[in-house]
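What follows draws every value from the coordinates through simple rules; no lab data is involved. On a predicted model such as this, the values are computed, not experimentally measured, just so you know. Cβ: placed from backbone, ideal geometry, glycine included. Neighbour counts: every protein chain shown.
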Amino acid sequence: MTRLPSLFISHGGPSVLIDGSPAPDAWRRIAAELPRPRAVLMMSAHHPGRAVKVGAAPAWQTVHDFRGFPAPLYELRYDVDGDPALAEAVFEKIRDAGIAAELDAAPGIDHGAWVPLLAMYPERDVPVVQLSVLPGGDARDHYALGRAVAAFADDKVLVIGSGSLTHNLYELGRGDGTVPHWVDGFRDWFDERLAEHDVDALLDWERLAPFGRENHPTDEHLLPLFFALGAGGAPRALYRGVEHRSVAMDAYAFGG
């Protein structure tokens, strides 16, 4: 049986689906090159929880959790089936690992999940289970959560962490649009540590990575990377790019 990799996808703003961004084409290519999953286990930076919330909804309803974007975005939908049996199995694995978790039947799927999935699986025929990000947790907590669910990759479940490698919206579009040195410095450090599979350094990013807080005033958009890292194997870069000066769109696969 072919083991699926886990993925980290920088989802950007929802407008990437309509503004000519090259990222959705990269996501389509990634999905086309993978064996078809039976389900997706998705952690989104926009779905927080104090404990790990495991989405057990039998069907998901699209949430347009953003304001001030072009009207066509609010017409896009990704109403897709859930997988309550998979959610129950994921919940048990997380609980067995000693991590606090709860089943959550709320049916809303946020844009951090549905924006990349709409590009990857537009037919909406791959069921989805959502996991919450833990804003009170750190890199090690999310790596441990990834390790807890890693075995599902052997059962044709595609594990995805959706966030952003850099995410400082205060700097969005400032200046002449040139990518600042503090964005490239942070991205290059992560790319090098990932290429070396230096897990210890990556988990200590707050101390070791250059320009950490310049790129992540809060870290909820980076935490899904550590979840994907824990769920998979050796990293490899799939896509690199920066949009609007300060939002890196980098994507990685782990193992597979």
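Between residue 51 and residue 156, with labels modelled 7 Å along Cα→Cβ, what's the label distance in nm to one decimal, could you check?
A separation of 3.2 nm, rounded to one decimal place.
Can you give the extra length, in nm with one decimal, that the chain gains between residue 204 and residue 3 once fully stretched, where that is 0.36 nm per residue apart less the Cα-Cα distance?
Stretched out fully, the residue 204 to residue 3 stretch lengthens by 69.6 nm.
Any idea how far apart residue 97 and residue 69 come out in nm if each label point goes 7 Å out from Cα toward Cβ?
Computed distance between label sites residue 97 and residue 69 equals 2.9 nm.
Could you identify which residue out of 210, 58, 72 has the top mean-square fluctuation in a GNM of the chain using Cα springs shorter than 10 Å?
72
When 43, 249 are ordered from fewest to most other Cβ atoms inside 10 Å of their Cβ, what list results?
In increasing order of surrounding Cβ atoms, one gets 249, 43.
In whole percent, what relative contact order does region 113-256 give with Cα contacts below 8 Å and a gap of six or more residues?
Answer for region 113-256 is 35 percent.
Counting DSSP beta bridges with both partners in the chain, what percentage is antiparallel, nearest 5? Intermediate values should be presented prior to the final figure.
Working: 12 of 34 bridges.
Restricted to the chain, the bridges split so that about 35 percent are antiparallel.
Would you work out if region 6-254 is rounded, prolate or oblate? Take a ≥ b ≥ c from the square roots of the eigenvalues of the alpha-carbon gyration tensor; rounded if a/c is under 1.5, else prolate when a/b is larger than b/c, oblate otherwise.
Working: a/c = 1.58, a/b = 1.17, b/c = 1.35.
Oblate.
At 0.36 nm per residue, minus the direct Cα-Cα distance, what do residue 176 and residue 81 gain on full extension? Give it in nm, one decimal, please.
29.9 nm
Mind jotting down the distance between the C-alpha centroids of region 116-163 and region 9-25, whole Å?
So the two Cα centres are separated by 19 Å.
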